[in-house]
Amino acid sequence: QVVLGFARFGWLLNLVSSPVLTAFTQGAAVLILTSQLPALLGMTQGWASLLQPASLNLPSLAFGLATLGVLLVTKRLKPTFPTVLVVVLGAAGLSASLGLEAQGVAVVGALPQGLPGLYLPHALGWDALKQLVLPMLVITLVSFLETASSAKVDNERKGQRWDQDQDLIGQGLGKLASAVCGAFPTSSSFSRSALNLYAGAQTGWATVFSVGVILLCLLFFTPVLHHVPQSVLAAIVIAAVLGLIKPRAFLGLLKVNRVEGGIALLTFAITLASAPRLYWGVLAGVVMGLSYFLYTRLHPRIIEVGLHPDGSLRDRHLWKLPPLASHLYALRMDAELDFAAASGFERAITEHLARHPDVHHVCLFAQPINRIDVTGVETFAQVRRQLEARGITLHISGIKLPVETALRQAGELADAAGLKMYRTDAEALQALRQLDPLPADMAAAAI
């Protein structure tokens with residue numbers, strides 16, 4: 001992660017679509033919520049307590065619900081007040097004075113005091129190192145996506161830009177630091193991020209301050225936390241996570257694009273079903289998102305254009321417009337002319353010529369084509385040779401400089417009687433009007 005960050009490889013996160021990140025965030029929030037509900041409700045036997053009502057601990061339930069209510073009310077009335085700190089200290093004092101631990105209330109209990117000692121990992125053999133490569137890649141991907149999901153929520157609220165390369169470096173350094181302390185590899189946390197947002201954190205100083213508080217607690221105040229009921233901690237997490245659960249987000253995605261909305265729903269379902277192995281939800285969402293992206297690139301939007309009454313060029317068949325001229329096929333491809341879209345471009349022209357053998361002119365409105373690769377150049381050359389063999393003139397309008405440069409270097413825009421180029425669509429339309437005029441009866445039939 002450190003190497004990827006310094007090499008500015010944070011753009012890899014762009015391979016993950018927004019619907020996948022949204023679904024993963026929602027799934028993680030639901031899992032956190034359901035994992036904390038038993039503690040909040042005083043279920044000493046977990047969810048099995050639903051079948052054994054006698055196992056419910058009423059003091060834990062009272063503490064949890066009261067804490068949740070206080071947090072939600074104060075968040076609405078006084079969001080800047082340090083409610084969490086006051087609630088934790090107050091709950092610890094009440095728990096200790098009432099002796100709740102002796103009454104069966106689950107409390108935090110004894111915590112290790114002091115700072116962790118330094119630890120030097122031993123050297124790994126090549127065989128062991130090979131076995132760790134794949135898990136390492138999965139951990140890197142999942143931890144980075146978890147960070148991205150948390151950062152996405154945070155940035156949406158603050159309207160700030162997230163520096164993903166810097167975050168990669170920070171995560172990598174954190175993992176290296178954990179290695180020399182004998183700790184697990186570190187990553188971001190939905191619950192911690194949610195608590196930061198809930199508490200009103202605005203800058204990185206909030207993290208620095210929280211680290212300082214943790215150090216003080218480890219050194220001096222771990223006995224104070226001993227008596228805090230676990231239902232209180234569960235209520236704090238639930239109050240923070242509730243703001244991350246937004247079912248309407250899926251409805252919005254489905255309205256915009258049903259396929260991407262479906263991918264989000266599947267990612268959400270797989271994330272829940274694969275818990276605690278959340279990476280399956282992430283990987284499934286990434287694969288589905290990239291597959292859909294590849295499908296759209298392999299099936300570019302290619303339309304036959306006509307002149308709309310407002311003066312714009314639009315889909316002739318959708319708007320029931322007459323052809324620009326008789327014996328003319330005018331098309332526009334809203335995609336890059338690369339290896340993915342080249343076959344669709346060639347197929348559109350070939351199929352139209354097969355259905356309309358009387359075509360004498362083909363006009364490509366090339367303004368939307370931003371890039372062309374070697375496959376695109378070869379396909380263009382093949383189409384041009386096909387048109388020349390049939391005596392069809394090729395007109396090109398509004399070609400962009402990068403595309404024109406590539407075609408000229410390949411010798412495909414050499415002066416020839418069968419090729420005409422125009423800088424603007426207006427210039428092309430004026431020239432096309434000089435072709436065979438469209439009879440009135442043909443125009444009426446086309447409309």
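Here are some notes:
- Exposure of Glu101 as accessible area (Å², to 10), given a probe of 1.4 Å and all protein chains: 90
- Charge-dipole axis of the chain as Lys and Arg at +1 and Asp and Glu at -1 on Cβ define it, positive-most pick from Val138, Phe81, Tyr329: Phe81
- Summing Lys and Arg as +1 and Asp and Glu as -1 over all other residues whose Cβ lies under 14 Å from the Cβ of Val305 gives a net charge of 0.
- Modelled this way, with points 7 Å down the Cα-to-C-beta line, the labels at Arg423 and Thr34 are 6.4 nm from one another.
- Sites Leu216 and Gln386 - FRET efficiency at Förster radius 45 Å, r taken between beta-carbons, to 0.05: 0.05
- Once exposed loop chymotrypsin sites (Phe, Trp or Tyr not before Pro) are cut out (DSSP; at most 14 other Cβ, 10 Å), longest piece of the chain: 120-318
- Label point distance in nm, Met136-Cys181, each placed 7 Å from Cα along Cα→Cβ: 2.2
- Choice from Val88, Val213, Val282 showing the highest fluctuation, given a GNM over the chain with Cα pairs closer than 10 Å: Val213
- Residue among Ile32, Ile236, Ile392 with the largest mean-square fluctuation in a Gaussian network model of the chain, springs linking Cα atoms under 10 Å: Ile392
- Pairs of alpha carbons in the chain whose separation is greater than 27 Å (percent): 68
- Rg/Rh for region 66-127, where both radii come from Cα atoms and Rh is the Kirkwood radius: 1.28
- Calculated P(r) tail over 21 Å for region 309-400, as whole % of Cα pairs: 30
- Among Asp310, Asp334, Asp165, the residue with the largest mean-square fluctuation in a Gaussian network model of the chain, with springs joining Cα atoms closer than 10 Å, is Asp310.
- Nearest-10 value in Å² for the accessible area of Leu129, using the 1.4 Å probe: 80
The values are calculated or read from the model by the stated rules, or taken from the named source; none is laboratory data. Computed from a predicted structure; not experimentally measured. Cβ atoms come from the backbone with ideal geometry, glycine included; neighbour counts cover every protein chain shown. Heads up: the accessible areas ignore ligands, DNA and RNA and are worked out on the full protein's heavy atoms, side chains in. Shrake-Rupley method; radii C 1.70, N 1.55, O 1.52, S 1.80 Å.
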